[in-house]
Amino acid sequence: MAGGGLHLFVVLSTLLYCSVALGRAEPCAGDSFADLVDAGYGGRIEFDVLRNGKHVGEHVTTFTRSDDGLVVESTMNLTVRVLVIPVYRFSYHARDVWCGDRLTALEAAVDDNGTVKRVRALRDGDELVIERDGVEERVAADLLPTNHWNPSVLGHDRVLNTLTGLVNKVDIGPCSKASPLVSAAAPDAQCHAYSGDLRVRAWYDDFGRWVGLAFYGDDDSEIVYVCRHCRGRGA
């Protein structure tokens, strides 16, 4: 497991170095998410991650700005223990760059208990070029990734799965099953369920902020994100 963590560190260091090459040739002049990011989130989102009701990790998303546009970094770390012994670790890191309301570049790395996968995406005109496992795919540039902070995803029927690099076909509609854990942290939130290639429930409040998430792991355990800090001045 320690070796897997070191491998992820090397991968992430490479991603951050390579991100310079993912920048736009011209500085980005637009920022479509100023209200949501600044007043809505206060520049940062934090969740406690629970597995079957037990705390196992955290998910943190931060927002910064550069000449390339809005830079969003998401990190998730999860450790499952039996008694005090770690038996499973999962780490995720993604860095995406936005100009206006369009994704221009994305790098993501997953360490699933020592197995590391990488996903890259780069906008090329009206297309988004996705690279995963040595395979390149071109799709329409309006495709949105599954990092959930952007509520615009609710109006889409395809998403870029940043864990796998695959384009998932989805149908997103109101939830029929609420989460008591999410409801307690964000009682005014509305639940939206993904069906199709991806099955997950995501919660957003009236301001459009992402305030909760729930899905089932490969072992049928329920993973729930509970808001620790996801509301800024607009709360």
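The values are calculated or read from the model by the stated rules, or taken from the named source; none is laboratory data. All values derive from a computational prediction rather than experimental measurement. All Cβ positions, glycine included, derive from the backbone under ideal geometry; neighbour counts span all protein chains shown. Each accessible area value is taken on the protein alone, full model and side chains, heavy atoms only, with ligands, DNA and RNA left out. Shrake-Rupley method; radii C 1.70, N 1.55, O 1.52, S 1.80 Å.
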| note | Scanning the stretch 170-189 residue by residue, the ones that are polar (S, T, N, Q) and within 19 Å of the chain's Cα centre (by Cα) total 0
| request: Only residues that are touching a strand residue (DSSP E or B) at 6+ places or on another chain (Cβ under 6 Å), among the polar types (S, T, N, Q) and within 14 Å of VAL110 (Cβ to Cβ): list them for the stretch 152-168, please. | output: ASN161, THR162
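Test ASP142 against the criterion of being open to solvent by 60 Å² or more (accessible area, probe 1.4 Å) and either part of a strand (DSSP E or B) or under 23 Å from GLY196 (Cα atoms) (or both), and give yes or no. Steps first, answer last, please.
Details: open to solvent by 60 Å² or more (accessible area, probe 1.4 Å): yes; either part of a strand (DSSP E or B) or under 23 Å from GLY196 (Cα atoms) (or both): yes.
Here the answer is yes, as ASP142 does meet what is asked.
Being in contact with a His (Cβ under 9 Å, 6 or more places away or on another chain), open to solvent by less than 70 Å² (accessible area, probe 1.4 Å) and at positive phi: is that true of GLY114 here?
Working: in contact with a His (Cβ under 9 Å, 6 or more places away or on another chain): yes; open to solvent by less than 70 Å² (accessible area, probe 1.4 Å): yes; at positive phi: yes.
Against the criterion (in contact with a His (Cβ under 9 Å, 6 or more places away or on another chain), open to solvent by less than 70 Å² (accessible area, probe 1.4 Å) and at positive phi), GLY114 qualifies.
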| query | How about the stretch 80-100: which of its residues are among the hydroxyl-bearing types (Ser, Thr, Tyr) and either more than 20 Å from THR162 (Cα to Cα) or open to solvent by 30 Å² or more (accessible area, probe 1.4 Å) (or both)? | reply | TYR88
| task | Only residues that are of a type outside the set (Gly, Ala, Ser), at pLDDT 95 or above and open to solvent by 30 Å² or more (accessible area, probe 1.4 Å): list them for the stretch 173-197, please. | result | HIS192, ASP197
